[in-house]
Amino acid sequence: MKELTRSMSENGQQPVMQTPVQYIDNEQDLQSAMNACMQKSAVTVDTEFARVSTYYPMVGLIQLYDGEICYLIDPLAIDDLSALADLLLSETVIKVFHACSEDMEVFKYCLDVLPSPIVDTQIAAAVLGVGFSISYQNMVDHYLSVNIPKEETRSDWLRRPLTERQLEYAALDVIYLLKVHEIQRDHLREMKRDDWLREECAGLNEDLPTMIDPDTCFKKVKGLWKLDRKQLSVLRVICAWREVRAREFNVPRNRIVEQKSLMKITSGNITQKHELQYDAEMSPRQVRKYGDDLLFLAAEARLLPESQRPELFERDSAHIDSKQLGILRQVVQARAEVLSVAPELLTRRRHLEQLLRSEDKEGNYSLPAELSGWRKEVIGNDLIEALS
């Protein structure tokens with residue numbers, strides 16, 4: 001364990017780092033640090049990782065701050081990180097993140113855990129009307145009038161040794177976060193919106209890109225409404241195959257086969273190997289390595305009975321009354337102004353379209369799942385009333 005305690009010079013709005021910082025590179029020091037964190041009600045957490053040529057994020061550093069000491073954990077030097085996993089799963093310690101989706105993927109991949117309970121300060125800022133999808137630097141500036149440097153954002157976090165500047169940058173990512181969390185917590189209680197944040201954060205561990213069912217990956221492809229059910233069967237199978245291969249080899253999906261090629265295989269009814277290169281625009285290497293598998297899977301999918309094929313998809317803009325959609329957007333805008341929040345926090349256009357498409361024969365509408373919970377009371381009921 002290396003002590004990195006220092007005080008950066010105070011100069012206007014420049015960050016002052018007077019917090020003890022410990023670099024942890026062995027299991028004994030990790031256990032001691034996690035024992036200390038276990039005594040706290042909340043700790044701030046961040047990760048630094050690389051994801052240039054891999055499917056999964058490759059973690060290079062894990063930062064925690066417990067209000068007294070900032071711990072910089074070197075996951076490349078420690079074989080057993082179970083003490084950290086225990087902290088991340090402890091129900092008595094809130095884990096505070098900022099924009100946590102990729103951090104969740106990091107911990108799922110490197111520790112096979114999903115931290116809980118968690119709070120995301122980016123979401124808290126949106127709920128409080130401070131800004132939608134606000135950056136960490138802008139949030140710290142807003143609450144604490146501190147300017148956080150961005151120089152090390154694109155550093156190589158897998159190279160060793162890490163530089164002093166990298167370690168300072170990493171520490172600043174969590175040291176100020178705890179104070180921001182405490183301010184936000186008090187404001188949320190004053191505005192009676194703490195339940196909003198609790199609901200939002202409860203679902204953050206769901207639907208992570210690296211955890212979705214491979215058989216559902218085809219639903220993310222644009223232009224599904226152009227395909228018939230046989231073509232959708234092909235797309236479903238080859239998208240699932242690509243997802244499994246990307247995870248197995250830990251490479252980006254497009255390294256296996258690009259999405260545009262999958263669509264051309266599907267819509268062009270490609271059945272020959274040379275067509276994969278010249279019509280589906282796959283590289284010679286991809287054709288050699290994966291061509292036989294793709295053609296076999298596509299042929300099998302085309303033989304599926306009608307009952308096993310995906311249902312047709314509607315065009316996104318189909319059957320939408322633009323006048324009704326405009327009315328709903330006005331309702332959302334007006335409500336957002338009253339609450340002093342971004343309209344995007346309340347709902348998105350696609351959810352309004354889902355609402356309009358839900359009309360039954362009696363003219364009744366059903367709120368989509370995304371407009372349940374606190375949103376039903378805050379905006380959902382108003383939207384239903386506007387359609388009545």
Length released on extending from Glu206 to Ser135, taking residue separation times 0.36 nm less the Cα-Cα span: 23.3 nm
Relative counts (whole %) of C-alpha pair distances in the stretch 2-202, using bins that are 10 Å wide: 8, 37, 38, 15, 1
Residues with amide H under 5 Å from that of Ile94, placed H, sequence gap 5 or more: Ala42, Val43
Two-site label geometry, Thr271 and Glu151: point separation in nm, points 7 Å out along Cα→Cβ: 6.3
Distance from the stretch 239-289 to the stretch 116-194 (C-alpha centre basis), Å: 40
All aspartates and glutamates inside 12 Å of Lys230 as judged from Cα atoms, apart from same-chain residues fewer than 8 positions distant: Glu300, Glu306, Glu311
Protection-proxy order for peptides 203-211, 47-55, each taking the mean of Cβ atoms within 10 Å per residue, highest first: 47-55, 203-211
Hull-based mean projected area of the stretch 283-351, where the convex hull spans the alpha carbons, in square nanometres: 9.0
Helical segments meeting 20 Å axial Cα length and Kyte-Doolittle 0.0 threshold in the chain (DSSP H): 322-339
Unmatched cysteines, the chain - criterion: no other Cβ of a Cys under 4.7 angstrom: Cys37, Cys70, Cys100, Cys110, Cys201
Of every Cα-Cα pair in the stretch 214-308, the percent that sits beyond 18 Å: 38
Extended-chain gain in nm, criterion 0.36 nm per residue less alpha-carbon gap, Ser32 and Asp293: 88.9 nm
Set Lys40/Lys192; Lys226/Lys260; Lys108/Lys260 screened for pairs whose C-alpha atoms are more than 22 Å apart: Lys40/Lys192; Lys108/Lys260
The chain - Kirkwood radius from inverse mean 1/r over Cα pairs (Å): 24.0
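No lab work stands behind these numbers, since they all come straight from the coordinates. All values derive from a computational prediction rather than experimental measurement. Note: ideal-geometry Cβ built from the backbone for every residue, glycine included; neighbour counts use all protein chains shown.
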